[in-house]
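> Sharing a structure below in structure tokens format, with a few things to ask.
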Amino acid sequence: MRVKTAYAYGLRRNETRMLDAADFGRNPHGGEFGEYGRCQVRFGKAKKGSPPKRRGVLTVWDWPPDVLDEWFTEVRPLFGTDNNPAAWPSERGLRIGCQRLNSRFIAYRKALSLDDGLDFHSFRRSYGTHLIEDGWDPRFVQEQVGHEHASTTSLYTCVSSDFRTRTLRRHLDSTIAAALQAQTGRQT
């Protein structure tokens, strides 16, 4: 669930581990997501000497609410978390640690025979890339991931060659169609 949540909201490792159950809530403009239309990040990456940045990340895909609902209603209660606010509780303390997130990710990566170059942060880069490839506005993507500068977000958006090919084809086709329309307009 932690890995899916990190990808679903483009979260950093510490942002993921520091989530509380109360950090998920409704988005009044996205009622279809129910109680999981928004994720409040309270421990975003800070500038040197500054407190953690806060941001709200909106749910953009239809599957995260189902995953989160199952976690919070069926699985998390099995941990005996009556007085624990952490979304991802630990059996040894309040919440899961960064090392545990890393070790679980490495175990998944090995079990799935994925490239050793993938790390937990890869979910964040994939999130930004997939939003761009799906046609989301770059400024929206920048806000979602909490970047101050668009140039930082652009580093995360490593679009696939297939996406580049489709984009080129779409622009070439529209340019050709406009040229043909202009030519037929002159002939009549």
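The values are calculated or read from the model by the stated rules, or taken from the named source; none is laboratory data. Since this is a predicted model, take the numbers as computed values, not measurements. Counting neighbours? That spans all protein chains shown, and the Cβs are built from the backbone with ideal geometry, glycine included. We work out accessible area using only protein heavy atoms, side chains counted, and drop any ligands, DNA or RNA first. Shrake-Rupley method; radii C 1.70, N 1.55, O 1.52, S 1.80 Å.
> Between GLU70 and CYS98, with labels modelled 7 Å along Cα→Cβ, what's the label distance in nm to one decimal, could you check?
Those two pseudo-labels are separated by 3.0 nm.
> Turning to a different aspect of this structure: For the chain, what does the accessible surface come to per residue with a 1.4 Å probe? Please give it in Å².
61 Å²
> Angle, helix 98-111 long axis vs. longest principal axis of the chain, Cα atoms, 0 to 90°, nearest 10?
Helix 98-111 and the main axis of the chain meet at about 60 degrees.
> Given a 1.4 Å probe and the protein chains all in place, what does the accessible area of GLU32 round to, in Å² to the nearest 10?
140 Å²
> Relative to the longest principal axis of the chain, what angle (0 to 90°, nearest 10) does the C-alpha long axis of helix 122-133 take?
So the helix axis and the longest Cα principal axis differ by about 30 degrees.
> At a probe size of 1.4 Å, how large is the accessible area of ASP134, to the nearest 10 Å²?
100 Å²
> Hey, what's the Cα Rg ratio for the chain versus the globular rule of thumb, 2.2 N^0.38 Å?
1.28
> Can you compute the FRET efficiency between GLN183 and SER113 using 1/(1 + (r/R0)^6), with r the Cβ-Cβ distance and R0 = 41 Å? Round to the nearest 0.05.
It comes out at approximately 0.15.
> Here's something else I'd like to know. Count neighbours as other Cβ atoms within 10 Å of each site's Cβ, and list the trypsin sites (Lys or Arg not before Pro) in the stretch 1-86 that are DSSP loop with at most 10 such neighbours.
Filter output for the stretch 1-86: LYS47, LYS48.
> What is the percent carbon and sulfur in the accessible area of the chain, measuring with a 1.4 Å probe over the protein chains and ignoring ligands?
Looking at the chain in its full context, I get 53 percent from C and S.
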